[in-house]
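The values are calculated or read from the model by the stated rules, or taken from the named source; none is laboratory data. The structure presented is a predicted model; accordingly, all values stated were derived computationally and were not measured. We place every Cβ from the backbone using ideal geometry, glycine too, and count neighbours over all the protein chains shown. The protein model used for the area step is the full one, side chains on, heavy atoms only, and it has no ligands, DNA or RNA in it. Shrake-Rupley method; radii C 1.70, N 1.55, O 1.52, S 1.80 Å.
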Number of protein chains: 2
Amino acid sequence: MLMPMASLYTYLLICNATLLLLHRCSGLSLDTVRDFLTREEDTIVFSIIERAKYPLNLPAYEVPAYFAGSRHDASFAELFVRDSEAVQTKAGRYQNQEEIPFFPFRVPFILSPSYNFTSDLYPAAAFVNLNDEIWSIYFNQFLSLLAKNGDDGNYAATAASDFLCLQALSKRINYGRYVAEVKFRGDPQNYTTLIRNKDKDALMKLLTSESQEDVVKRRVQKKAMVFGQNVTSNGPVETGDSNSSQASFKVDPSLVYKLYDQWVIPLTKQVEVEYLLHRLD
Amino acid sequence: MLMPMASLYTYLLICNATLLLLHRCSGLSLDTVRDFLTREEDTIVFSIIERAKYPLNLPAYEVPAYFAGSRHDASFAELFVRDSEAVQTKAGRYQNQEEIPFFPFRVPFILSPSYNFTSDLYPAAAFVNLNDEIWSIYFNQFLSLLAKNGDDGNYAATAASDFLCLQALSKRINYGRYVAEVKFRGDPQNYTTLIRNKDKDALMKLLTSESQEDVVKRRVQKKAMVFGQNVTSNGPVETGDSNSSQASFKVDPSLVYKLYDQWVIPLTKQVEVEYLLHRLD
């Protein structure tokens, strides 16, 4: 870090010649999908607990009066996410199809060491994503439920925290493409008929398991209790099994339940249906 | 997000005229310091659990052969942190003295909504920080203990995760400045004598409470068990009190103990001593 400044661009000019072609075996299965979704719950709960460390910090989300109606009609938080995402795009984050940027745009070069990602998705359906909806729900509905009123001036740290929440939610919800791919491969005949008939309702029904969804919602609520408690070196630990009203959590566990119940699970299934509708294109 | 691209620069040009001058009351006390340090433990444990999601991903840390000895002698991860930190610098993150960049450099404008941060630190000593040491320990000692061998190609996501770990560790360790300030204010006469005599050993002794450090180390180990366990919707929850060998954690709790024992606590105290040595400048 004491070296003179080098840029990711300089890095590319030299590195591009030294491709590292590593191959990852495709291992898409019901197990890998389930493991991913379960592990991503922890990431989502951690990220929203961290966001709740800051108050709402409204100035980060307001479009300055001078911008209103102009073509620069964007909040500080949006500009922050755009700039941060541009760095990550340049660094190759979105070479992995599991991740989808909120602001896709051309970057001349990818500046990371090369890696040959396998593509588990059906190419014509891989584009499906609900990032616009995720963005809107996060800023317009979820954030005011999560963050306490107040302003501590930490706008950049707050926006960085928002960016992490958005990335975690986006990765989970848009992972519906992988869920759908696995389910399609497990029962191609049945799905093919419904897809040919564009029967969204029947697809949704086939993709829905209320008992499994119930397990997920109860589990994320419990994770919010376990990860959001105040751990002491001696005292008792919240197991997520009690309804103790004296327990204090960094994020209201019922809000995490609601997040999954109202948004994460329905949007994931919407991704699954939309992916399947393009699965035979 | 459907608006045409605007940049943080455009944002500044207009916003700079609309300063929001909000004042935060100085509330530095032993309680606020203790609360901060305890809460930051969770952030550190979350961030290293998240880093452990990825394998080591060595290509992100190797200096390409063509770079060796040149003035661009930097790894992908370093370039990634530089670029990400530049965005956060531009966005004003380091206006808050609690945060210190790893690569400070001139940015022409701060592009966040304005906020009048109070300065709880003694100005001539506020510069003290151990970011170079933190950087070196993280990449050269800690990372290989934390991450499993392997390469999944997610270099940008991995480097983003490293950046979060570094920021959390830096904020915690350099918070030693605040710890020292509070302790100085609580006993100015005693500290003044030792500072005038440049008596580092006596200062270190005065700042050290082995019993308190022991509580902290046991608590972070317990946090690693509680936050790093696999939570199910029904099963038992790891309370961090057992030595159950069948429990599996996302990060080895003894590594988190070691992180605090060998690095975080000693470096924080080093920051405290160095701050105090400049407290009368």
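Structure notes:
- The set of residues in the range B:218-229 that are more than 8 Å from chain A (Cβ to nearest Cβ) and open to solvent by less than 30 Å² (accessible area, probe 1.4 Å) comprises B:V220, B:A224, B:M225, B:G228.
- Unmet criterion (only one of (1) buried (at least 20 other Cβ atoms within 10 Å of the Cβ); (2) small (G, A, S); (3) at pLDDT 95 or above) for A:S254: (1)
- Scanning the range B:37-88 for residues that are at pLDDT below 95, farther than 21 Å from A:S114 by Cα and either touching a His at 6+ places or on another chain (Cβ under 7 Å) or part of a loop (DSSP other than H, G, I, E, B) (or both) yields B:G69, B:S70, B:R71.
- B:L169 being under 14 Å from B:F102 (Cα atoms) and open to solvent by 30 Å² or more (accessible area, probe 1.4 Å): no
- Hey, B:K269 under 20 Å from the mean Cα position of the chain (by Cα), modelled with pLDDT of 95 or more and under 30 Å from A:K222 (Cβ atoms) or not: no
- Residues in the range B:232-251 that are modelled with pLDDT under 95 and within 9 Å of another protein chain (Cβ to nearest Cβ): 9 in all.
- Taking the criterion of being facing chain A (nearest Cβ under 10 Å) and among the aromatic types (F, W, Y), the residues of the range B:151-185 that qualify are B:Y155, B:F163.
- Some residue of the range A:109-123 being buried (at least 18 other Cβ atoms within 10 Å of the Cβ) and modelled with pLDDT of 95 or more: yes
- All of B:A156, B:A160, B:A91, B:A60 fail the test of being touching a residue at least 40 places away in the same chain (Cβ under 8 Å), touching a Gly at 6+ places or on another chain (Cβ under 8 Å) and either closer than 20 Å to B:S47 by Cα or surrounded by 18 or more Cβ atoms within 10 Å (Cβ to Cβ) (or both), apart from B:A156.
- B:K148 open to solvent by 10 Å² or more (accessible area, probe 1.4 Å), away from chain A (no Cβ under 14 Å) and among the basic types (K, R): yes
- Among the residues making up the range B:186-217, those that are of a type in the set (K, R) and more than 14 Å from chain A (Cβ to nearest Cβ) are B:R196, B:K198, B:K200, B:K205.
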